[in-house]
Amino acid sequence: LDSIGPVLQSFVFDLNSGTLIMTFDEPVGVPDARFISLSDGLVGGAVLPLSPSSSASLGVGVTSITLERDDVLRVKALTSLAVQLNSTFLFTTNSFLSDVAGNPTLVIPQANEMQASVYVADI
């Protein structure tokens, strides 16, 4: 019986297409972007909570969130957030998805935010 929630392994942030692709250690449902924030990784630095947006499953353990246009414009306006790999981090304020057994993800606090594994700049 599965009683352990999915663990986020890595994420890709593509500013050019406005997508956030997340890879988990097991099959998961569709994420709720309202509980996900992007950060520049600096103490007291830029933070952008994401708006509710469209999301989809891309395969076993991989999900995608398409950022709302306003969120993409806000990221582009912040000169320290998501301008390169070293300024692209993610944290969560609540469980934002569950595995197929209904076990929720653990919260990723800002103090332990995760750096993107791949960053694609806006072109």
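The values are calculated or read from the model by the stated rules, or taken from the named source; none is laboratory data. It should be emphasised that the depicted structure is a prediction, and the values quoted were computed from it without experimental measurement. Positions of Cβ are backbone-derived with ideal geometry, glycine not excepted, and every protein chain shown enters the neighbour counts. To get the accessible areas, we keep the full protein, side chains included, count just its heavy atoms, and leave off ligands, DNA and RNA. Shrake-Rupley method; radii C 1.70, N 1.55, O 1.52, S 1.80 Å.
Restrict the check to region 5-25 and report whether at least one residue is open to solvent by 60 Å² or more (accessible area, probe 1.4 Å), under 16 Å from residue 92 (Cβ atoms), outside any strand (DSSP E or B) and free of Cβ contacts under 8 Å to residues at least 24 places away in the same chain. So far as region 5-25 goes, no, none of its residues is open to solvent by 60 Å² or more (accessible area, probe 1.4 Å), under 16 Å from residue 92 (Cβ atoms), outside any strand (DSSP E or B) and free of Cβ contacts under 8 Å to residues at least 24 places away in the same chain. Taken over region 84-107, residues that are in a loop (DSSP other than H, G, I, E, B) and either closer than 17 Å to residue 53 by Cβ or at pLDDT below 95 (or both) amount to 11. Filter region 54-89 for residues that are touching a helix residue (DSSP H, G or I) at 6+ places or on another chain (Cβ under 7 Å), of a type in the set (Gly, Ala, Ser) and under 17 Å from residue 11 (Cα atoms); which is surrounded by the fewest Cβ atoms within 10 Å (Cβ to Cβ)? Within region 54-89, the match that is surrounded by the fewest Cβ atoms within 10 Å (Cβ to Cβ) is 55.
If you go through region 90-123 and keep only what is in contact (Cβ under 8 Å) with a residue 24 or more places away in the chain, surrounded by fewer than 16 Cβ atoms within 10 Å (Cβ to Cβ) and over 15 Å from the mean Cα position of the chain (by Cα), you end up with 100, 101, 104, 121, 122, 123.
Would you check if residue 42 is surrounded by 20 or more Cβ atoms within 10 Å (Cβ to Cβ), in contact (Cβ under 8 Å) with a residue 12 or more places away in the chain and either within 17 Å of residue 112 (Cα to Cα) or of a type in the set (Phe, Trp, Tyr) (or both)? No.
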